[in-house]
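We did not get these values from a lab; they are worked out from the coordinates using the rules stated. What you see is a predicted model; the values in this text were computed from it and never measured. Every residue, glycine as well, gets a Cβ built from its backbone with ideal geometry; the counts of neighbours run over all protein chains shown.
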Amino acid sequence: MTRSEWVSTLPPWRRLLATFNWRPVYDIEMRGRESEKRLLESEKRLKLLEIENKRLAALESRMDALLLNADSSSQTPPATGSN
């Protein structure tokens, strides 16, 4: 919960007192937690992307093998000798 969200839950008279009771340490701690959350989320996305890249690389190698196999097994029709 951010400071502004927390203050919005207070009654009006308490909101006024909260403006005089500004705590920079609280704000700094909250920013630190938010940046930690963003870092964890970005690491999670990076891991998912790495997994997806590996999966796509495996699929690409399978497709290459299939295409190579299809090219080598395809035979050209024999030429007819009729003129």
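With label points built 7 Å along Cα→Cβ from the Cα atoms of Ser61 and Lys44, find their separation and express it in nm.
Distance between label points: 3.0 nm.
Once a ≥ b ≥ c are taken as the square roots of the eigenvalues of the Cα gyration tensor of the range 7-52, is the result rounded (a/c under 1.5), prolate (a/b larger than b/c) or oblate (a/b not larger than b/c)?
In terms of gyration-tensor shape, prolate.
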